[in-house]
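All remarks here apply to the structure that follows.
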Amino acid sequence: MKAARVLCPGLLKLVEDVPEPQPSGNEIVVKITASGICHSDIDIVEGKLERTKYPLTIGHEAAGVIYKIGEDLHHTQVPLSEGQKVAVYPTFGCGFCRFCLAGRENLCASAQAIGFEMDGSHAKYLLVKSPNHIFPIHNIDAQEAAPLSCAGITAYEAIKEYVLPRATPGAFVTVIGVGGLGHIAIQILKKMADVQIIAIDKDEKKLKLAEDLKADHVLESSNDRNLVEEIRKLSSDNVCATLDFVGNDSTLQLGYESLGIQGILVVVGAMGGTLSYRGPDPKRREIVGPIIGSLGSMREILDMVENKEIAILHQSFSLDQIDSAFDKLKHREIIGRAVLTP
Ligand code: NAD
Ligand code: ZN
């Protein structure tokens, strides 16, 4: 089968003769019809993530149809059958620790994810190690479902866990970076929180998108603006949370400095920025850095999309167009998510 493989850091190649995976035991093979391209894929190709082992098929936002199921599943009550439309939760924990037992496999100390440590979904077929990572989909197409596996659950869980408990009516939430994750976050905030949203991006098209998604305030990030002062003034110093979907030195500083009392900086973006901290802090601000989301969040965000409460914007590319899709993502030309259709 054809698959997009990173052979070594810096070398992404479409390989034609990768062996098709075969399921055994409880495993399932999904025929991929949609595979979202996350900004993290760029980091993996460039060799920036220590945890990644090469060579590797990348892609961790997968949707498609069940192609084959392992022999053990034929004799169980698991309600999955060949031909069913599904999305795939990407992270696999040990299955036994307290985090895995709570469905939070993303917090398991020995978690591994498709497209990071295990072969991923920018390919014709994907091997899925256990049936509880398979989520049937009904009312939405695979291209809308695939980005939920990372962009969707990450944005959703960050908001549910860190923003909603602080979102008193009239408070402000800042969203930095209106890309794959950011455009979903704005919609979730609109739906779930009675807050004013300040959206920030470098790119005009993303700012227009934020306006279309009804962000209350839209600010262009540029070096010659004092955005901290602007945000503090605009919000009367009442920003309860910043969702930073970039995570470089300047966005971390902007996100933290513009928080109000007991505000929280939620660092989702993985650009590797650092922030110097001097405590004690009279404002008692907090900083967290969540990594994707739980199995439960996957079900909840899928339901929101199935119920048309939020929409996942996407641009489609064939597997052969992967270089062009990566190029557009790097140059901030993708509105929403780039999705491959292997
Ligand atoms: P994306 O490329 O789709 O979106 C990034 C957005 O940020 C773009 O709209 C871009 O124009 C904007 N941007 C870039 N630099 C900016 C700046 N200095 N100021 C304001 N806006 C700026 O990326 P994505 O797929 O949405 O991912 C966002 C980040 O989150 C990436 O770093 C990715 O690796 C990371 N990520 C983390 C997790 C996690 O679990 N923590 C999960 C998925 C992605
Ligand atoms: Zn991702």
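Since every read-out is calculated from the coordinates, none of them should be taken as a lab result. Because the structure is predicted, anything quoted here is derived from the model rather than measured. Backbone-built Cβ (ideal geometry, glycine too); neighbour counts: all protein chains shown.
Is the C-alpha gyration tensor of the range 206-342 telling us rounded, prolate or oblate? Criteria: a/c under 1.5 is rounded; beyond that, a/b larger than b/c is prolate, otherwise oblate. Don't jump to the answer; show the numbers that get you there.
Details: a/c = 1.84, a/b = 1.62, b/c = 1.13.
It is prolate, given that a/c is not under 1.5 and a/b is the larger ratio.
For the range 124-175, build the convex hull from the C-alpha positions and give me its volume per residue in Å³. Intermediate values should be presented prior to the final figure.
On the way: hull volume 7.3 nm³, N = 52.
Expressed per residue, the convex hull around the Cα atoms of the range 124-175 is 140 Å³.
Just the Kirkwood number for the range 3-138, please: inverse of mean 1/r across all distinct Cα pairs, in Å, one decimal. Before the final figure, lay out the partial values.
Details: mean 1/r = 0.0655 Å⁻¹.
Taking the inverse mean of 1/r over all distinct Cα pairs, the range 3-138 comes out at 15.3 Å.
7 Å from Cα along Cα→Cβ at both Ser318 and Arg225: what's the point-to-point distance in nm?
With each label point 7 Å from Cα toward Cβ, the separation is 4.1 nm.
With springs only between Cα atoms under 10 Å, which of Glu300, Glu82, Glu61 fluctuates most in a Gaussian network model of the chain?
Largest GNM mean-square fluctuation: Glu82.
With only alpha-carbon atoms in the gyration tensor, what are the semi-axes of the equivalent ellipsoid for the chain, in Å, largest first?
35, 21, 19
Taking the Cβ-Cβ separation of Leu164 and Lys48 as r and a Förster radius of 25 Å, what is the calculated FRET efficiency to the nearest 0.05?
It comes to 0.20.
Using the Cα gyration tensor of the range 61-107, with a ≥ b ≥ c the square roots of its eigenvalues, what is the shape: rounded (a/c below 1.5), prolate (a/b larger than b/c) or oblate (neither)?
On the way: a/c = 2.97, a/b = 1.54, b/c = 1.93.
Oblate, since a/c reaches 1.5 and b/c is not below a/b.
In this model, which of Lys2/Lys330; Lys191/Lys328; Lys160/Lys330; Lys13/Lys205; Lys31/Lys214; Lys48/Lys202 are farther than 32 Å apart at the alpha-carbon?
On the way: Lys2/Lys330 24 Å; Lys191/Lys328 29 Å; Lys160/Lys330 29 Å; Lys13/Lys205 30 Å; Lys31/Lys214 36 Å; Lys48/Lys202 23 Å.
Too far apart for the 32 Å limit: Lys31/Lys214.
Pick out which of Asp237, Asp212, Asp303 has the largest mean-square fluctuation in a Gaussian network model of the chain, springs linking Cα atoms closer than 10 Å.
Evaluated over the chain, the most mobile residue of the options is Asp212.
For the range 277-342, what does the alpha-carbon gyration tensor say about shape, rounded, prolate or oblate, given a ≥ b ≥ c as the root eigenvalues, a/c under 1.5 as rounded, and a/b over b/c as prolate?
Details: a/c = 2.94, a/b = 1.56, b/c = 1.88.
Since a/c reaches 1.5 but b/c is at least a/b, the shape of the range 277-342 is classed as oblate.
Is there a quick way to get the dipole size of the chain? I mean about its Cα centre, with the Cβ of Lys and Arg at +1 and of Asp and Glu at -1; what is the value in debye to the nearest 20? Provide the component values of the computation, followed by the final result.
On the way: 35 positive and 44 negative charges, 85 e Å.
For the chain, the charge dipole is close to 400 debye.
In deg cm²/dmol and to the nearest 500, what is the mean residue ellipticity at 222 nm of the chain if only DSSP H runs of at least 4 residues count, each as -39500 (n - 2.57), divided by the residue total?
Numbers: 10 runs with 83 residues, N = 342.
Mean residue ellipticity, 222 nm, calculated: -6500 deg cm²/dmol.
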